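K.L.:
This is the structure I have questions about; it appears just below.
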Amino acid sequence: MTKPAFYITTPIYYPNDKLHIGHAYTTVAADALARYKRLRGFDVMYLTGTDEHGQKIQTRAQDAGKPVKQFLDEIIEWIQDLWARLDISNDDFIRTTEPRHTKVVEAIFERLIDQGDIYLGKYEGWYCTPDESFWSERELVDGKCPECGRDVQWVTEESYFFRMSKYVDRLLQYYEDHPDFIQPESRKNEMINNFIKPGLQDLCVSRTSFDWGIHVSRSPEHVVYVWLDALTNYITAIGYGSNDPALQEKFERYWPCDVHFVGKDIVRFHTIYWPIILMALGLPLPKKVYGHGHFLMKDGKMSKSKGNVIDPKLLIERYGSDAIRYFLLREVPFGQDGVFTPEGLVQRLNFDLANDLGNLIHRTAAMMNRFAGGKVPGPGKWEQVDQDLAALAEQTVLDVQEHMDEMQFSLALTDIWKLVRQGNKYIDETAPWSLNKRGESERLQTVLFIMVETVRFITVLVSPFLSKLPGQVAAQFHFEPEETTWDSLSRFGALKPGNAVDAGTPLFPRLDVNDEIAALETLTGVRKQSVPEESNSKNVQDKAVPSSVQEQTATQGKQEIGIDVFSQVELKVGQIEHAEKVEGADKLLKIQVNLGTEQRQIVSGIAKYYQPEQLAGQKVVVVTNLKPVKLRGVMSNGMLLAASEGDKLTLVTVPESMPNGAVVK
Ligand code: MSP
């Protein structure tokens, strides 16, 4: 049976400079989806590439004192090396300077002139060279490009125009008939309100003031507007316009595209101009355009001039590609903006990869060797705790599938990490070392079997996201190929006993937070957030214990304050990912909270009111700008709000729909 096709693309990047961590973000996200779809039995076509024409590239090459082609080749080599280091599994890489592309663009342009969609006129207006986009006087913001805020130039030249206006009604109808075409939903409203409702102008589609581009055959002084040239890559790469029957078949197979992944700044080109070009060519439109958010720095956008650009190769070299792939996909909900901080990176690596995942795998392999001679034993009778873990594992597969179908990578990873944490908890609770000591060998065998089965489930579940770990773990645990397919996850317990398990070494090192942040600061040039020293003052410590526990009298008796004082308190929505008891402290729980752009550890005095496992998943309100303190030797960075009355206490929660990191005011 032929596999169903799935075609996914990233934007083609401008090779005017090396790429940064933001570009890597899109490519890693598309890679995770491509790997996931392959695991689910699809015939995937994953395309990325480079957008090599236009004024910006020509100017950059001139500034570098190099012939344009040489300038491009050097950067493209760097980009392809980046994708190799990140284990990007693209099936093709298109360069818009390749003849397979240029020839087809020339032909398309001629055809569109012949059929009257493109006509000759004169352009007078503004142009933003870094974004390669045209703007009218009305659209400028304070005289600058409304997209990137940079200077624009006045352009007056003879140009070809595309009759966009002719297709507007059909486009709006398409939006209406295909409610999932633009994701997230909010971006669709932005397109309609900002660009379509004010009246869609015909688009200028050629330039005559420079010559680095595809020339219009009938009037070669015109070069094709770089966006028309670039967008067309999505069809030229898979054979559109080719005479070769094999390529024609390829085009039939993969078009229309299942999803274009694009940053929010270029949604406009992909959801207005691109569909209209396709309509004019009589081709079906893409099924979905997903406009994701941007990775920002604390001081805003990443930019060379601010000197805050993060080179992904430096991070990969230091932490490995799996760590960076995980961080990018976990840190920010796809669709929203997120802030890159060294603290956020180190915390993810320490908590999620070393403490949770690495630990689970290492403990399991070590105990298998200590207590079972390194061979997976056959299980005996299953107890409730075993059934519960099995049920969670099977449910996790369904949850991950649902979130992957919605392209919610961080949520899919959150699902997996619930299982990882539960796997660790299972080991703590069943205590194989005690079973061994007490000689309960049948129970020990069951527990060890379930531990390895949990590792197997997790290995397969993380394989769209992490590219190296699944192979390493499969080799260490000697999983059979049929034990690492997605379908093999349909039943927890399907693992064959008898496999050898090598003891191995921890897969992710635990990092020293302060040393690492300092190293990252030097490596990336990004300044660190100050982490205060441990406070010895009883007063300060008391203040950091949840006010709900300590200050039960609410406002009674407290001094009146003005809004200025209140507004100094920063409150945000956070989601509890994990909670555990603080050793030796009856009242305290150590809680990991996801604040959208960062992960926080908060020690809270609510152990009397909540069991740790009741808390995972709850959306709570966090005071985020409290001075960090150590409580019973454990760092606490923030406070949870709770309502209390007599001996009752309830955390203040917000609905699931509110995103992590949303400000509470
Ligand atoms: N060449 C065009 C795309 C043509 S597609 C037919 C282009 N190139 S770009 O190199 O400037 O940007 C490529 C992609 O990277 C865009 O989707 C953009 O949103 C994304 N990003 C640029 N900076 C980013 C972050 N800081 N964070 C996340 N994505 C980032 O536009």
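The values are calculated or read from the model by the stated rules, or taken from the named source; none is laboratory data. Not measured: the values here are computed from a predicted model. All Cβ positions, even for glycine, are placed from backbone atoms using ideal geometry, and neighbour counts span all protein chains on display. In case anyone asks, the SASA skips ligands and DNA or RNA and just uses the protein heavy atoms, side chains included. Shrake-Rupley method; radii C 1.70, N 1.55, O 1.52, S 1.80 Å.
So that you can scan it fast, the table gives a plain yes or no per residue for (1) assigned to a loop (DSSP other than H, G, I, E, B); (2) in the same structural domain as K587 (by TED's automatic domain parsing); (3) without any contact (Cβ under 8 Å) to a residue 12 or more places away in the chain:
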| site | (1), (2), (3) |
| --- | --- |
| G617 | yes, yes, no |
| V621 | no, yes, no |
| K627 | yes, yes, no |
| K630 | no, yes, no |
| M635 | no, yes, no |
| S644 | no, yes, no |
| S657 | yes, no, yes |
| N660 | yes, no, no |
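K.L.:
Here are some residues: V28, V44. Which one is assigned by TED's automatic domain parsing to the domain that holds T232, within 16 Å of the ligand (Cβ to nearest atom) and not basic (K, R)?
P.N.:
Working: V44 fails: within 16 Å of the ligand (Cβ to nearest atom).
Every option except V28 fails the conditions.
K.L.:
Tell me, which residue of region 6-43 that is of a type in the set (K, R) and in a loop (DSSP other than H, G, I, E, B) is modelled with the lowest pLDDT?
P.N.:
Restricting attention to region 6-43, the residues satisfying the condition of being of a type in the set (K, R) are 18, 35, 37-38, 40.
Narrowing the set further to residues that are in a loop (DSSP other than H, G, I, E, B) leaves 18, 40.
Details: K18: 92, R40: 98.
Step by step, filter region 6-43, then rank; the result is K18.
K.L.:
Considering only region 314-404, give the helices (runs of 4 or more DSSP H) lying wholly within it that have at least 3 residues that are open to solvent by 10 Å² or more (accessible area, probe 1.4 Å).
P.N.:
359-372
K.L.:
Answer yes if at least one residue in region 171-187 is of a type in the set (V, I, T), surrounded by 15 or more Cβ atoms within 10 Å (Cβ to Cβ) and in a helix (DSSP H, G or I), and no otherwise.
P.N.:
Here is the first cut: in region 171-187, the residues of a type in the set (V, I, T) are 182.
Those left that are additionally surrounded by 15 or more Cβ atoms within 10 Å (Cβ to Cβ): 182.
Next, from what is left, pick out any that are in a helix (DSSP H, G or I): none.
Checking region 171-187: not a single residue is of a type in the set (V, I, T), surrounded by 15 or more Cβ atoms within 10 Å (Cβ to Cβ) and in a helix (DSSP H, G or I).
K.L.:
Restricting to region 206-240, name every residue that is farther than 15 Å from F162 by Cβ and among the aromatic types (F, W, Y).
P.N.:
Selection gives F210, W212, Y234, Y240.
K.L.:
Which of the numbered conditions does K298 fail, given that it passes all the others? Conditions: (1) over 30 Å from H260 (Cα atoms); (2) within 16 Å of the ligand (Cβ to nearest atom).
P.N.:
Exception for K298: condition (1).
Conditions (1) in contact with a helix residue (DSSP H, G or I) (Cβ under 8 Å, 6 or more places away or on another chain); (2) without any contact (Cβ under 8 Å) to a residue 24 or more places away in the chain; (3) not acidic (D, E), marked per residue:
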{"site": "K3", "(1), (2), (3)": "no, no, yes"}
{"site": "I8", "(1), (2), (3)": "yes, no, yes"}
{"site": "L19", "(1), (2), (3)": "yes, no, yes"}
{"site": "Y36", "(1), (2), (3)": "yes, no, yes"}
{"site": "F42", "(1), (2), (3)": "no, no, yes"}
{"site": "D73", "(1), (2), (3)": "no, yes, no"}
{"site": "N90", "(1), (2), (3)": "yes, no, yes"}
{"site": "R95", "(1), (2), (3)": "yes, no, yes"}
{"site": "H101", "(1), (2), (3)": "yes, no, yes"}
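K.L.:
Right, here's the next one. Which residues, counting only those in region 301-313, are away from the ligand (no atom under 12 Å from the Cβ), modelled with pLDDT of 80 or more and open to solvent by 40 Å² or more (accessible area, probe 1.4 Å)?
P.N.:
Within region 301-313, just D311 meets the criteria.
K.L.:
Still on this model: Out of all the residues in region 212-231, which are open to solvent by 60 Å² or more (accessible area, probe 1.4 Å), in contact (Cβ under 8 Å) with a residue 60 or more places away in the chain and within 15 Å of E158 (Cβ to Cβ)? Write out each step before concluding.
P.N.:
Let us first name the residues in region 212-231 that are open to solvent by 60 Å² or more (accessible area, probe 1.4 Å), namely 215, 217-218, 220-221.
Next, only the ones that are in contact (Cβ under 8 Å) with a residue 60 or more places away in the chain stay: 215, 217-218.
H215, R218, listed by residue number.
K.L.:
Need the failing condition index for K3 against (1) more than 25 Å from K288 (Cα to Cα); (2) away from the ligand (no atom under 16 Å from the Cβ); (3) not in a helix (DSSP H, G or I), just the number.
P.N.:
(1)
K.L.:
Can you tell me which condition T232 does not meet? The list is (1) away from the ligand (no atom under 16 Å from the Cβ); (2) out of contact with any Ser or Thr (no Cβ under 6 Å at 6 or more places or on another chain), and all the others hold.
P.N.:
Only one criterion is unmet by T232, namely (1).
K.L.:
Take region 239-281 and flag every residue that is small (G, A, S) and either buried (at least 18 other Cβ atoms within 10 Å of the Cβ) or not in a helix (DSSP H, G or I) (or both).
P.N.:
G239, G241, S242, G263, A280
K.L.:
Further, regarding this structure: Is region 199-209 home to any residue that is in a loop (DSSP other than H, G, I, E, B), on the phi > 0 side of the Ramachandran plot and within 16 Å of the ligand (Cβ to nearest atom)? Working first, answer last.
P.N.:
Step one: filter region 199-209 for residues in a loop (DSSP other than H, G, I, E, B), giving 199-202, 205, 208-209.
Filter once more, so that each one left must be on the phi > 0 side of the Ramachandran plot: 199.
After this cut, where a residue has to be within 16 Å of the ligand (Cβ to nearest atom) as well, the list is none.
Scanning region 199-209 turns up no residue that is in a loop (DSSP other than H, G, I, E, B), on the phi > 0 side of the Ramachandran plot and within 16 Å of the ligand (Cβ to nearest atom).
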